[in-house]
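Below: the structure, in structure tokens.
Only the coordinates and a few stated rules stand behind these numbers; no lab work does. For clarity, every value in this text was computed on a predicted model and none was experimentally measured. Heads up, the Cβs are rebuilt from the backbone with ideal geometry, glycines too, and the neighbour counts pull from every protein chain shown.
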There are 2 protein chains.
Amino acid sequence: MATRLLQSADSAYDYPLLIKQLLQSNQRFETEHQIVSGEHRFSYAQFNERICRLANALKAAGIGPGDTVAVMDWDSHRYLECFFAVPMIGAVLHTVNIRLSPGQILYTMNHAEDDLVLVHDDFLPIIDGIKDQLETVKGYIQLTDQPENACSFESLGEYEALLAKADTAYDFPDFDENSIATTFYTTGTTGNPKGVFFSHRQLVLHTLNMVNTLQSRNCDSALLDHEGVYMPITPMFHVHAWGIPYAATMMGVQQVYPGRYEPNNLTRLIREEGVTFSHCVPTILQMVMQSGEAADTDFNGWQVIIGGSALTPGLAKQALESGIQPFSAYGMSETCPLMSMTRMDKNSYALPAEEQIALRTRAGLPSDLVDIQIWTPEGKVLANDGKSAGELVVRAPWLTQSYLNEPEKGAELWQGGWLHTGDIACIHPDGCIEIKDRIKDVIKTGGEWISSLEIERLISQHEDVAAVTVVGVPDERWGERPFAMIVPRREQLEAESIQQHLQRFVDDGTINKWAIPKAIQLVDDIPKTSVGKIDKKRIRAQLA
Amino acid sequence: MATRLLQSADSAYDYPLLIKQLLQSNQRFETEHQIVSGEHRFSYAQFNERICRLANALKAAGIGPGDTVAVMDWDSHRYLECFFAVPMIGAVLHTVNIRLSPGQILYTMNHAEDDLVLVHDDFLPIIDGIKDQLETVKGYIQLTDQPENACSFESLGEYEALLAKADTAYDFPDFDENSIATTFYTTGTTGNPKGVFFSHRQLVLHTLNMVNTLQSRNCDSALLDHEGVYMPITPMFHVHAWGIPYAATMMGVQQVYPGRYEPNNLTRLIREEGVTFSHCVPTILQMVMQSGEAADTDFNGWQVIIGGSALTPGLAKQALESGIQPFSAYGMSETCPLMSMTRMDKNSYALPAEEQIALRTRAGLPSDLVDIQIWTPEGKVLANDGKSAGELVVRAPWLTQSYLNEPEKGAELWQGGWLHTGDIACIHPDGCIEIKDRIKDVIKTGGEWISSLEIERLISQHEDVAAVTVVGVPDERWGERPFAMIVPRREQLEAESIQQHLQRFVDDGTINKWAIPKAIQLVDDIPKTSVGKIDKKRIRAQLA
């Protein structure tokens, strides 16, 4: 394409999209809002100074461009400082998933070639156990609020002590905007965790898009604006807490970092810090609403995006009854993560309550610049008619371009030039995405495909069901049959009552009769993965 | 810098930032809102189809990547279609400033090497006059709402007729995001107009930033959101109507294009179309408020950004009294244009009325990613203390990288790696930019520098003053002395009353006594440039 390219004057500044540029925004003039974390309260001026101090401390620890810095911490101001300082010096931030097994953590740290590890007291035992097998790590920095706690092995020192003696200024350099800024691992159903990675350019674009999206998805009140109070309840190692700490920092809002998630503490923080906006998985929302502190807490004014697992109509209804405004967002580790989010506009609010809840539980409208399509297994594009279901594929400026050092798996992810989400979905004419199921969780029975998510959604509407999951189990005659695992809200719940409840949906044509699980198990808890998602793989294994 | 660069899988899609990607946003699912222009009302689906038809019509006219397409039109849906279709096929859109003299228009069209010209009936006489001297133009397309009007010279046809017979689909290609998308000319005080130019990447980033900014600058109500109704009243040839048509289209809002600006028609459209958001120069705002239709119009709910010239406190007050929410934005042709905009947050609204007006009349807070500094003539950075004044210099991802084919002038613009605005300003500790004056409009008197804008601001507070401009005129004794040209609100205004009014500000130390103009001229109209700015150059020339 012989287009006319930019001609730049010799002295012109060719502005790269770098994470440091996010700080060239209103936060630098912010004097009122703070970053709250445990007992700490920092002004934005202090926060910016601490980023410089951390950069100098990292430099003193021998870290430079191209090196990798691993962080193992709960959600804290220190983690947020690493979100900025590590990539801003040209290094790569590895946000270690501390919920993986020690063996998996070891694998990821060697695979990412971590040079330096910042590790909170709570994870010292893990490092103690794998330390001798870490192949590239040259040093450790301790993260603690009890500096009297000795590190159980030799370290470069304690974070706050290192910052205290570091210089308060750092001249952050410019470099290629396609430099990797962050990396972390996603656990598939088989094999080793896979590394995804994001460049400075991708994170800046994702941040701009996130700010737009947060401001535009509720016509009644922005999910987050300059006057809002933000508290993440998605771990910072989990897709950069959805990248929202970058957005909140650019906007200069009041931020609250809750440390280790403890339901009563989360609820107390929401109340005492006046939190207006959070994001979490459904389980956490449920835990907060059921916490002891909830009785003393007015949740009105708290807006929450649910992601990771689907928001069920039951949970959405419960949240609304508590004064909470629940929204859904859709994304995955590979997508930075934001692809889509609920939009409640004037027309949405004019709908009957049940249809409003349906809107809130769908995956929402795609964000700006996000191109989505529904494909058949052969790659044919299906219509956005709210009915045709196929695999959701996506293009956006912030998707992982491969898996770290696994180009063949990356090529598979990007088959046909579109990122394959592995989700079965349809797109409604209004743009709303409705996720039907994970491709691998679809139940194939008697030549029919049944969505396990659809059955879960219907079962969750039964008043005595607190939580539910459905998987396909092998069946000699039918290939697979649905199996339901249910956490009852009352002890006297019977399987038959669930089946009768579902029969109504058979009668009105919503599902066919094969979708009613014959096997229903009542349990106290549904098995979860390290990141709190329902572990269907393990459930299937238990049943096999 | 040996950072780690992205590794992309072979099949991964490397997403370029192209204007076509702005259409990968919510507008494509929009079914309710329309694009209104004269008698025309198009749905977004029709608008998208018309962009494809136009692309095919351009191709049929022999236009391809790297070619330049000039448009001479009032603000219309056709212009908006050109904003997209021309760059989306890889060509360059030249938005011709139809207010320049025919000789200047000829110069810019030859300098930009226009290949094709889309020209509205009203400008056929201009083309008739310069046609024989246009060196690169190969064809013309007529823009008209009276297709029975014959074009006075040979053309390729009439726009609507060409679209009607064009195909409804076009596969817009990917290409380098640094390809030039638009070009237009800025008139300096001396010499020929200079061409600025913007790439696809720059316009996409500017659009994302514009959407963020419009959503965040009024805590009471977004300046523009999905439910808003947008009408530009800054010509589309003037820095892409500030780039806001791109933002409004990406958001899928209701848009109204007013054609040739006629105050009564503008006012009628505001009323009848329920316009909630516009932008214009102060003169237009005044014309709308003083139009005959204003008496029947409730301006409540209309938010307006003022730029191009400074919003005076007098005009801001008048607007507020009419129910209009006025805001200031700051930018220039070289900056795409957005650099900063007023932010009214909860704290601002808590201020006394006069201080609120002061906030609204300043240039506002820088937008995200915009880095600003105040420099001495020697390039020393001054403090953001609200007092230290110097030249405002800027970096952002969307600034013109040079002047078209004039690299030496581009190098001067970018002296020291920062774009020089030519404005004297200070930055307040809260980030608010206060423009003191154009460097060339500062009045040098008795060894002191006096800001002509400051004197204008104070004079405009006199209740009998409708409009005012102040320039420095040569003075043997003092070097220069201020001269004021005033449009009185009542006939009986006397120069003495203005001087007495200013004496109060001398008494309270706001200005020194040399700032009081001895020479005051009462006029019916202040001379304006082709783009409606006060023409101080001409005023000075008249006085010399």
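The stretch B:191-332: D in µm²/s via Stokes-Einstein (Kirkwood Rh, Cα pairs, 25 °C, 0.890 mPa s)? Intermediate values should be presented prior to the final figure.
On the way: Rh = 15.5 Å.
Result for D is 158 µm²/s.
Taking 2.2 N^0.38 Å as the expected size of a compact globular protein, what ratio does the Cα radius of gyration of the stretch B:481-534 give against it, to two decimals?
On the way: Rg = 13.0 Å, N = 54, 2.2 N^0.38 = 10.0 Å.
Normalised Cα radius of gyration, the stretch B:481-534: 1.30.
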Q) Can you give the average number of partner chain beta-carbon atoms within 10 Å of each beta-carbon in peptide A:10-21, as a whole number? A) 6
Q) So how far apart, in nm, are the two label points at B:Q133 and A:F153 if each is 7 Å from Cα heading toward Cβ? A) 8.0
Q | Sites B:S43 and A:A466, calculated FRET efficiency, Cβ-Cβ separation with R0 51 Å, nearest 0.05 | A | 0.65
(Q) Just to confirm a number: summing +1 for Lys and Arg and -1 for Asp and Glu over residues other than A:G323 whose beta-carbon lies under 14 angstrom from that of A:G323, what do you get? (A) -2
(Q) Just to confirm my numbers, what's the Cα centroid distance between the stretch A:357-398 and the stretch B:440-507 in Å? (A) 62
Q. Quick one: if you stick a label point 7 Å off each Cα along the C-beta vector at A:R260 and A:Q542, how many nm between them?
A. 2.5
**Q.** Order of A:M236, A:M1, A:M287, A:M251 - criterion: other Cβ atoms within 10 Å of each residue's Cβ, fewest first
**A.** A:M1, A:M287, A:M236, A:M251
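Working out 0.36 nm times the residue gap between A:Q499 and A:Y349, then minus their Cα-Cα distance, what length gain in nm do you get to one decimal? All intermediate terms of the calculation are to be shown ahead of the outcome.
Details: separation 150, 0.36 × 150 = 54.00 nm, distance 3.31 nm.
Contour length minus Cα-Cα distance gives 50.7 nm.
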Q) Taking Cα centroids, how far is the stretch B:210-265 from the stretch A:238-292 in Å? A) 35
Q: Just need log10 I(q)/I(0) for the stretch A:411-544 at q = 0.14, 0.20 Å⁻¹, Debye formula, equal scatterers on the alpha-carbon atoms, no solvent, rounded to two decimals.
A: -0.69, -1.28
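Using Cβ contacts closer than 10 Å as the measure, can you line up A:H200, A:H428 from fewest to most? Don't jump to the answer; show the numbers that get you there.
Details: A:H200 27, A:H428 16.
By the 10 Å Cβ count, ascending, the order reads A:H428, A:H200.
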**Q.** Those chymotrypsin sites (Phe, Trp or Tyr not before Pro) in the stretch B:429-528 that DSSP places in a loop and that have at most 16 other beta carbons within 10 Å
**A.** B:W478
Q. For the Cα atoms of chain B, what angle does the longest principal axis make with the long axis of helix B:200-216, in degrees from 0 to 90, nearest 10?
A. 50
Q. For label points placed 7 Å from Cα toward Cβ, what is the shortest-first list of nm distances from B:G379 to its copies?
A. 5.4
Q) Taking only the alpha-carbon atoms of the stretch A:134-258, what semi-axes of the equivalent ellipsoid follow from 5 times the gyration tensor eigenvalues under a square root, in whole Å, largest first? A) 30, 22, 18
Q. Residue by residue, what Karplus-based ³J(HN,Hα) values in Hz, rounded to whole numbers, does the stretch B:510-520 have, using 6.51, -1.76 and 1.60 with θ = phi - 60° and x for Gly and Pro?
A. 5, 10, 9, 5, 5, 7, 7, x, 7, 9, 10
Q: For A:Q146, place a label point 7 Å out from Cα along the Cα→Cβ vector, do the same in each other copy, and report the separations in nm, one decimal, smallest first.
A: 8.8
(Q) For the pairs B:K59/B:K131; A:K20/B:K409; A:K20/A:K533, flag any whose C-alpha to C-alpha distance is greater than 25 Å. (A) A:K20/B:K409; A:K20/A:K533
**Q.** Table column - 3J(HN,Hα) (Hz), the stretch A:37-53, Karplus curve with 6.51, -1.76, 1.60, x for Gly and Pro
**A.** 7, x, 7, 8, 9, 10, 6, 5, 5, 5, 4, 5, 5, 5, 4, 5, 4
Q) How many times 2.2 N^0.38 Å is the alpha carbon radius of gyration of the protein assembly as shown? A) 0.99
**Q.** Within 10 Å of each Cβ in B:399-408, the average number of Cβ atoms from other chains
**A.** 4
Q) Could you work out the helix-only [θ] at 222 nm for the protein assembly as shown, with each DSSP H run of four or more residues adding -39,500 (n - 2.57) and the total divided by the number of residues, to the nearest 500 deg cm²/dmol? A) -8500 deg cm²/dmol
**Q.** Electrostatic dipole magnitude of chain B [Cβ: Lys, Arg +1; Asp, Glu -1; Cα centre; debye, to 20]
**A.** 1060
Q: Quick one: which residues, 5+ away or cross-chain, put their amide H under 5 Å from the amide H of B:Q401? H built at 1.01 Å from N.
A: B:F197
Q. From the Cα gyration tensor of the stretch A:464-508, with a ≥ b ≥ c the square roots of its eigenvalues, which class applies: rounded if a/c is under 1.5, or else prolate if a/b is larger than b/c, or else oblate?
A. oblate
Q: Would you mind listing the distances between the B:E321 label point and the same position in each other copy? Use 7 Å along Cα-to-C-beta, nm, one decimal, shortest first.
A: 5.5
Q. The stretch B:341-403: which GluC sites (Glu not before Pro) are DSSP loop and have at most 10 other beta-carbon atoms within 10 angstrom?
A. B:E378
**Q.** Order of A:C336, A:C219, B:C52 - criterion: other Cβ atoms within 10 Å of each residue's Cβ, fewest first
**A.** A:C219, B:C52, A:C336
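Kindly state, as a whole number, the per residue volume in cubic angstrom of the convex hull around the alpha carbon atoms of chain A. Walk me through the intermediate numbers first.
Details: hull volume 95.9 nm³, N = 544.
So the per-residue Cα hull volume is 176 Å³.
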Q. Going down the list A:K436/A:K513; A:K444/A:K536; A:K436/A:K536, which pairs span over 20 Å between their C-alpha atoms?
A. none
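Tell me which GluC sites (Glu not before Pro) from the stretch A:110-159 have a DSSP coil assignment and no more than 14 other beta carbons within 10 Å of their own.
Values: sites: A:E113, A:E135, A:E148, A:E154, A:E158; in loops: A:E113, A:E135, A:E148, A:E154.
Counting only loop positions with at most 14 other Cβ atoms within 10 Å, the GluC sites (Glu not before Pro) in the stretch A:110-159 are A:E135, A:E148, A:E154.
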Q) Which angle between 0 and 90 degrees, to the nearest 10, do you get for helix A:263-272 versus the longest principal axis of chain A when only C-alpha atoms count? A) 70
**Q.** For the stretch A:232-363, size of Cβ-based charge dipole, Lys and Arg +1, Asp and Glu -1, in debye
**A.** 260
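Stick to Cα atoms and the Kirkwood definition of Rh, then tell me Rg/Rh for the stretch B:44-168. Present the calculation step by step, with values, prior to reporting the outcome.
Values: Rg = 13.5 Å, Rh = 14.4 Å.
That ratio equals 0.93.
Net charge near B:D464: determine it from the other residues with C-beta under 13 Å of the C-beta of B:D464, scoring Lys and Arg +1 and Asp and Glu -1. Present the calculation step by step, with values, prior to reporting the outcome.
Numbers: positive: B:R489, B:R490; negative: B:E463, B:E491, B:E494, B:E496.
Spelling it out: positives minus negatives among the neighbours equals -2.
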**Q.** Whole-Hz couplings from phi, Karplus 6.51/-1.76/1.60, listed for the stretch B:493-506; x for Gly and Pro
**A.** 5, 10, 4, 4, 5, 5, 5, 5, 4, 6, 4, 4, 6, 6
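Among the DSSP beta bridges whose two residues both lie in the protein assembly as shown, what percent are antiparallel, rounded to the nearest 5?
Numbers: 96 of 166 bridges.
Once the DSSP bridges in the protein assembly as shown are tallied, antiparallel ones form about 60 percent.
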Q) Along the principal axes of its C-alpha atoms, what lengths does the stretch B:288-348 span, in descending order and rounded to whole Å? A) 39, 30, 19
